[in-house]
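All of the numbers you see were taken from the coordinates with simple rules; none came from a lab. Keep in mind that this is a model prediction, so the values were computed, not measured. Every residue, glycine among them, receives a Cβ derived from its backbone with ideal geometry; neighbour counts consider all protein chains shown.
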Amino acid sequence: MPEILTRHRPLALLAALLIAQILLLAFQIKRHSDVRLIRYWASEIITPGEKAASWAFSGIGGIWHGYIDLRGAHSENVRLRQEVGQLELRNQELENTAAQAKRLSLLLDFREAHREARMVAAQVIGGSADLSSHTVFINKGERSGIRRDQAVITPDGIVGKVVEVSPDTAQVLLINDRNSGVGALFADTRTQGVLKGTGDPQPVLAYVTNDEKVHLGEVLLTSGEDRIFPKGLLIGIVTSFKPGYPFQTINVQTAARLDRLEDVLVLLSQEELHPKANSSAGNVVVGLPAEPKVEVPKTPQVAAAAPAPSPSPAPMNPGGNKSASPSAGRP
Amino acid sequence: MSYTFNSGMQSESNIEVHKYYGGVVTVVALLAIVIQAFLHRYGRWSEFADLPLLVTIYFGVSRRNPVSGMLLGAIIGIAQDALSHDNPIGLYGIAKTVVGYVASSVGARIDTEHPASRFALVFVLFHVHQGVLAFTERVLLNRPTPYFTVHLLIVSLVSAASAVVLFSLLDRLRRPS
């Protein structure tokens, strides 16, 4: 027997190994138990290698994805940039459309509130080439019934008057142009003056004597004396004043944003506008409840000799006061 | 093609026994288990290259020593069992012990340097391994493991093709005679 084992040593070892493993299997099956020690040592030996492999694999993967596999990245980047550009453009278009819709809505509300008045809505299509003049062009002209010396307004306040008319366009002289003059009066005191353009963004109210009390934030309306603007339209508010000779120098902030005009209304007649009660269609006409958009500056430029500002001049609210009727309290 | 002799086997005196640098067998076997366990995490395609089996076969046929071949197969197989959670220890151990023994016995008798012979040898030994595995599972564990399927055929062909590449790489680790 030993000779046979020696002669067939590999076979004997094979048989021994197989029998040992079969017994090991049988032991595990019979006892429903596990050889935890072997698993433990195998795990202890192999897991460090697995960790290293995982680390190397993720590192290689990172290098591959981060540096090597970037063939399509540039073209994708270009495509995405184009897409972002298109989306930004689209977004801008939508914002413009929304803003335009809002403006037109205001115009429509205003138009609805003054159905008795004949007016034409127009878009500002250009400005003056001369930097010293404040004029704009609108896209409506003679064919739309527009004539010279008609008033141009927005729901916020007056804008100017028509000075030149062609069949399909018209030129509007803004109220801050140096050639402009508008009959004006204070909403509270009914003191009259003339709003004159100076070429600067802010016009001034001229011909107000020094003994007239003026307050910061005082509301200025059209007087109708110029026979262009109907009486009672909102012009703006007083932002600063100082005594002069022979008249005060009063700076006025216009209610309408003359530097951002886009949609305007051209009044085809000089009839006074009578707003409907509870209308919120802008604040161009005295008696409307809407808050004006102009604000009194926090540090007004008031001369030392100027009278102290009134206690609460700030929000200009022409509505709900004694000037609800344009002719009321007129001096 | 190598023209060698086998100092250990008198009957096959023209077969060379290849030697390896110290630790190569251990490191390669360990790497094979680690890589196999690692690749197993990334899906079933890892089964198309049973690296521990291929390493067992390679060192079996290269060293041509049935004792070391079966011992290496047993250790690798037991390690595989130990790393699996549902296999009792000994299942792969038995199969790879047999494969290690057969591979080293065959390697001592025929030339296994040619890619075609390597392909055929791995193809056959893959099915020997599967046969022993299925038999053990059926008899001892009462699991209905198939002996042969088309899927196994494909896997064996892929494994054999992989073995041709892998063996040529492992040949570089041989110590010059």
Under the rule of at least 5 residues apart or a separate chain, name every residue whose amide H is placed under 5 Å from the amide H of A:Val165. A:Gln171
Using a 10 angstrom Cβ neighbour count of at most 13 plus a DSSP loop assignment to flag exposed chymotrypsin sites (Phe, Trp or Tyr not before Pro), which longest range of chain B is free of such sites? B:22-146
Measuring from label point to label point, each 7 Å out along Cα→Cβ, what is the A:Val78 to A:Gln270 span in nm? 6.6 nm
Grab the other residues whose beta carbon is less than 15 angstrom from that of B:Gly22, score K and R as +1, D and E as -1, and report the net. +4
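What average number of partner chain Cβ atoms lie no more than 10 Å from the Cβ of the residues making up A:25-32?
4
Between beta-carbons, use under 10 Å as the cut-off and find the net charge around A:Leu268, counting Lys and Arg +1, Asp and Glu -1.
Result for the neighbourhood of A:Leu268: +1.
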Round to the nearest 0.05 the FRET efficiency obtained for A:Phe27 and A:Leu70 when R0 = 60 Å and r is the Cβ-Cβ distance. 0.60
Just checking the output field for A:42-49: average partner chain Cβ neighbours within 10 Å of each residue's Cβ? 5
Residue-count net charge about B:Leu153 - beta-carbon cut-off 15 Å; Lys, Arg +1, Asp, Glu -1: -2
Ranking of A:Lys161, A:Lys196, A:Lys30 by count of other Cβ atoms within 10 Å, fewest first: A:Lys30, A:Lys196, A:Lys161
Can you give the extra length, in nm with one decimal, that the chain gains between A:Tyr40 and A:Ala12 once fully stretched, where that is 0.36 nm per residue apart less the Cα-Cα distance? 7.1 nm
Kindly identify region A:207-249 as rounded, prolate or oblate by the Cα gyration tensor criterion: order the square roots of the eigenvalues as a ≥ b ≥ c, call it rounded if a/c is under 1.5, otherwise compare a/b with b/c, prolate if a/b is larger, else oblate. oblate
Over the whole of A:10-16, what's the average partner chain Cβ count within 10 Å per residue? Rounded to a whole number, please. 5
